[in-house]
1. What residue, among those in the stretch 164-199 that are hydroxyl-bearing (S, T, Y) and under 22 Å from R213 (Cβ atoms), is nearest to the chain's Cα centre (by Cα)?
2. Which residues, counting only those in the stretch 53-66, are farther than 19 Å from N14 by Cβ and either in contact with a strand residue (DSSP E or B) (Cβ under 9 Å, 6 or more places away or on another chain) or among the aromatic types (F, W, Y) (or both)?
3. Answer yes or no: is there a residue in the stretch 81-93 that is free of Cβ contacts under 8 Å to residues at least 60 places away in the same chain, among the basic types (K, R), out of contact with any strand residue (DSSP E or B) (no Cβ under 9 Å at 6 or more places or on another chain) and closer than 21 Å to A23 by Cα.
4. Just checking, how many residues over the stretch 55-77 are aliphatic (A, V, I, L, M), part of a helix (DSSP H, G or I) and surrounded by fewer than 18 Cβ atoms within 10 Å (Cβ to Cβ)?
5. Return the residues of the stretch 18-35 that are buried (at least 20 other Cβ atoms within 10 Å of the Cβ) and more than 21 Å from E208 (Cβ to Cβ); say none if nothing qualifies.
6. Identify, from the list R84, R135, the residue that is charged (D, E, K, R) and either over 30 Å from T178 (Cβ atoms) or touching a helix residue (DSSP H, G or I) at 6+ places or on another chain (Cβ under 7 Å) (or both).
7. What do you reckon, is L46 closer than 24 Å to L122 by Cα, in contact with a strand residue (DSSP E or B) (Cβ under 9 Å, 6 or more places away or on another chain), in contact (Cβ under 8 Å) with a residue 40 or more places away in the chain and buried (at least 18 other Cβ atoms within 10 Å of the Cβ)?
8. Output yes when any residue across the stretch 17-29 is in contact (Cβ under 8 Å) with a residue 12 or more places away in the chain, under 27 Å from L195 (Cα atoms) and part of a loop (DSSP other than H, G, I, E, B), and no when none is.
Amino acid sequence: MGSIILKDRVLSKNDELALENRAVFDKRKVWCLNLISSPGAGKTTLIECTVDRLREKLSIGVLVGDLDTENDARRIAAHGVAVRQIITGGSCHLNAKTVGEFLKHFDLESLDVMIIENVGNLVCPTSYHLGEHDRVCLISAPEGNDKPLKYPCAIHTADLLLLTKIDLAPYTDFNPETVRNSALRIKNSLPVIQLSCKSGEGLDRWIEWFENRARSFRDSKEVPS
């Protein structure tokens, strides 16, 4: 029982700090997006494609979480956006406290969007809110068809499901319709987009969703006094 109570306390404190982060984003009218996936599903490549497509329309900042190395941050920085790397040193997820500390390194007044690339993991990140407004889950074609049923919390807490690396589907057992139907059994209102950053398939739909969410938040949210 002791470990359950301790976990509840940790999550409760994290939720408090997540609300503080959300208040920071709301005050500055910055839409925050949290990307979660297994390792290698294509989060960093997706961010690169998104930044390249929207650099003239939206000011985007990026927080990257990894167990070690600054490789992903260097890749994203090469695309001309403000980026910071969070090295978790073994932790399998980001938490609201660390995210809040790293927000101080950004000029939030100049941003429209903050993308958080979470640590590659479909378990722990689902329990830790970071202050995001939307959460996107990525499942890539090489991962197979059973990911939604194996990791239902990742689906249940997502606002959008991306089926990535769809160009590889013909070379695997991946069936996009099977994965989609499995996800909708868990959350029947979940939008699903299949895409490939390599071939370009589905990217227009993703960019449209992304831009609409960012602009809708910026245009409709009132800045608290």
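1. The residue in question is T164.
2. L54, L58, S59, I60, G61, V62, V64, D66
3. The answer is no, given that none of the residues of the stretch 81-93 is free of Cβ contacts under 8 Å to residues at least 60 places away in the same chain, among the basic types (K, R), out of contact with any strand residue (DSSP E or B) (no Cβ under 9 Å at 6 or more places or on another chain) and closer than 21 Å to A23 by Cα.
4. Residues meeting the conditions: 1.
5. A18, N21, F25
6. Within the list R84, R135, the selection yields R84.
7. yes
8. Scanning the stretch 17-29 turns up no residue that is in contact (Cβ under 8 Å) with a residue 12 or more places away in the chain, under 27 Å from L195 (Cα atoms) and part of a loop (DSSP other than H, G, I, E, B).
Computed from the coordinates by the stated procedures, all read-outs in this text should not be read as laboratory data. Source: prediction; values computed, not measured. In this analysis, Cβ positions are derived from the backbone assuming ideal geometry, glycine residues included, and neighbour counts consider all displayed protein chains.
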